[in-house]
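Visitor: This is the structure I have questions about; it appears just below.
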Number of protein chains: 2
Amino acid sequence: MFRGNHPTRVDEKGRLKVPAEFKRRLDELYGPQFFITSKDGKRAELYPMKEWERIEDALAKAPSSGAKKKFLDVTNYYGQVVEMDAQGRLLIPQLLREDATLAGDVAVLGMQTYLVVANDAKHRAQLAENPLTDADIDALGVVGI
Amino acid sequence: MFRGNHPTRVDEKGRLKVPAEFKRRLDELYGPQFFITSKDGKRAELYPMKEWERIEDALAKAPSSGAKKKFLDVTNYYGQVVEMDAQGRLLIPQLLREDATLAGDVAVLGMQTYLVVANDAKHRAQLAENPLTDADIDALGVVGI
DNA sequence: TTCTTAGTGGAAAGAAGTGGAATAAAGTGG
DNA sequence: CCACTTTATTCCACTTCTTTCCACTAAGAA
């Protein structure tokens with residue numbers, strides 16, 4: 001399970017330095033291959049290949065639907081298979097770099113099974129715009145939060 | 001399985017440069033022959049010959065129907081058998097080039113068993129017009145996305 | 001302070017992409 | 001039916017970009 005925010009950087013060549021703690025986890029649980037994509041074009045999502053394949057399988061079994069088609073259209077448009085090098089860096093596709101403004105300082109967030117890579121300022125703004133409400137929390141139905 | 005987006009170009013002669021990664025996959029799994037066609041005239045679909053034959057076989061076994069007739073009418077109207085040259089380029093039929101506006105920058109999307117070739121700007125516009133919403137994702141019912 | 005690990009920049013080698021010339025094929029008119 | 005014109009295809013050679021790897025710097029632990 002990936003959790004928390006690990007600030008890092010994207011260099012001029014568009015390479016993301018995977019924070020050491022996440023890298024260690026990834027090396028031990030998965031191979032060096034990832035599927036990097038986006039559902040909204042505003043931030044990147046980094047899936048270990050196995051996790052992404054699991055999602056593809058689940059989708060393949062689901063009946064055809066507009067939502068499914070859209071999902072594939074979007075994720076395959078932004079998506080690309082990427083490999084992490086020995087230095088723990090991986091190249092973010094240009095399209096994603098541009099649309100999600102991934103350059104310089106970025107936040108890498110652990111989202112349990114995958115990672116989110118976001119422009120820090122943009123992410124803050126989005127949180128401010130669309131805050132978590134008491135109603136949202138109630139809807140979760142989980143005790144102890 | 002083909003996945004992700006590999007931007008490439010169609011040159012003035014109407015030749016599509018197959019992105020190297022897809023080319024490698026195709027060379028290893030299939031021959032240099034493809035069936036290029038379209039279901040809507042808005043973007044091209046590129047099937048390795050074997051995959052297209054599989055579809056034809058499945059159709060042949062299906063009973064006659066309006067849907068089947070339409071499918072054959074459209075795919076055979078736009079369709080053509082094409083070969084990839086040693087440089088990884090293949091000639092897109094003129095009709096398809098015109099209708100789907102395939103010139104200059106195009107996106108080649110991996111769609112598991114086949115590839116989609118779309119005008120980049122057009123595809124983006126389509127995504128913007130019809131974005132993937134939280135409700136869509138919820139509707140998929142897949143965990144871990 | 002010294003050792004180890006994390007992060008960064010960049011040069012060199014190799015691969016990918018591109019244009020266009022040469023060759024072949026198809027089409028057209030006499 | 002032949003010769004000529006035009007179009008299409010193949011292949012070579014150049015350029016550009018990408019990837020890989022090496023080496024340095026910085027930061028933190030012993």
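Visitor: Mind listing the label-point distances from B:LEU72 to the same position on all other copies, shortest first, one decimal in nm, points 7 Å along Cα→Cβ?
Guide: Distances to the matching label points in the other copies: 2.4 nm.
Visitor: Sketch the reach of a paramagnetic label on A:LEU140 as a point 7 Å from Cα along Cα-to-Cβ, and name the residues of segment A:1-15 whose backbone nitrogen lies under 18 Å away.
Guide: Flagged as within label range: A:1-5.
Visitor: 7 Å along Cα→Cβ for the label point: how many nanometres lie between B:ASP105 and each equivalent label in the other copies, listed shortest first?
Guide: Spacings between copies for this position, smallest first, are 3.0 nm.
Visitor: Accessible area, 1.4 Å probe, largest first: how do A:VAL81, B:VAL116 sort?
Guide: Details: A:VAL81 35, B:VAL116 0 Å².
Correct descending sequence by accessible area is A:VAL81, B:VAL116.
Visitor: Near A:LYS13, which lysines are there with a Cα under 30 Å away, not counting those fewer than 8 places off in the same chain?
Guide: A:LYS23, A:LYS39, A:LYS42, A:LYS50, A:LYS122, B:LYS17, B:LYS23, B:LYS122
Visitor: OK, next. Leaving out ligands, DNA and RNA but keeping every protein chain, what accessible area does B:GLU28 have, in Å² rounded to the nearest 10, with a 1.4 Å probe?
Guide: B:GLU28 exposes around 140 Å² with every protein chain in place.
Visitor: Would you please give the FRET efficiency between B:GLN94 and A:ALA60, computed as 1/(1 + (r/R0)^6) with r the Cβ-Cβ distance and R0 = 35 Å, to the nearest 0.05? Numbers along the way, then the final one.
Guide: Details: r = 35 Å, r/R0 = 1.00.
Between B:GLN94 and A:ALA60 the formula returns 0.50.
Visitor: If you don't mind, another one. Can you compute the FRET efficiency between B:LYS69 and A:GLU12 using 1/(1 + (r/R0)^6), with r the Cβ-Cβ distance and R0 = 51 Å? Round to the nearest 0.05. Please report the intermediate quantities before stating the final value.
Guide: On the way: r = 55 Å, r/R0 = 1.08.
Plugging the Cβ-Cβ distance into 1/(1 + (r/R0)^6) gives 0.40.
Visitor: Same structure, new question: Label-point separation (nm) for B:ASP105 and A:MET111, each offset 7 Å from Cα along Cα-to-Cβ?
Guide: Output for this residue pair reads 2.5 nm.
Visitor: Label position 7 Å from Cα toward Cβ: report the copy-to-copy distances for A:LEU29 in nm, one decimal, ordered from shortest.
Guide: In ascending order, 2.7 nm.
Visitor: Any idea what % of Cα-Cα pairs in the protein assembly as shown are farther than 27 Å? Could you put the intermediate results ahead of the total?
Guide: Numbers: 19829 of 41905 pairs.
So the pairs more than 27 Å apart make up 47 percent of the total in the protein assembly as shown.
Visitor: For segment B:1-64, with all protein chains present and a 1.4 Å probe, just round the carbon and sulfur fraction of the accessible area to a whole percent.
Guide: Its accessible area is 52 percent carbon and sulfur atoms.
Visitor: Further, regarding this structure: Tell me the mean residue ellipticity at 222 nm calculated for the protein assembly as shown from its helices only (DSSP H runs of n ≥ 4, each -39500 (n - 2.57), averaged over every residue, nearest 500).
Guide: Details: 12 runs with 118 residues, N = 290.
Estimated from H runs of four or more residues: -12000 deg cm²/dmol.
Visitor: Stretched out fully, how many nm does the piece from B:LYS50 to B:GLU129 gain, at 0.36 nm a residue minus the Cα gap?
Guide: Values: separation 79, 0.36 × 79 = 28.44 nm, distance 3.47 nm.
Taking B:LYS50 through B:GLU129 to full extension adds about 25.0 nm, to one decimal.
The values are calculated or read from the model by the stated rules, or taken from the named source; none is laboratory data. Bear in mind the structure is a predicted one, so any value in this text is a computation, not a measurement. Quick reminder, even Gly has a Cβ in these numbers, built from the backbone with ideal geometry, and neighbours come from all protein chains shown. Protein only, heavy atoms only, side chains kept; ligands, DNA and RNA dropped before computing areas. Shrake-Rupley method; radii C 1.70, N 1.55, O 1.52, S 1.80 Å.
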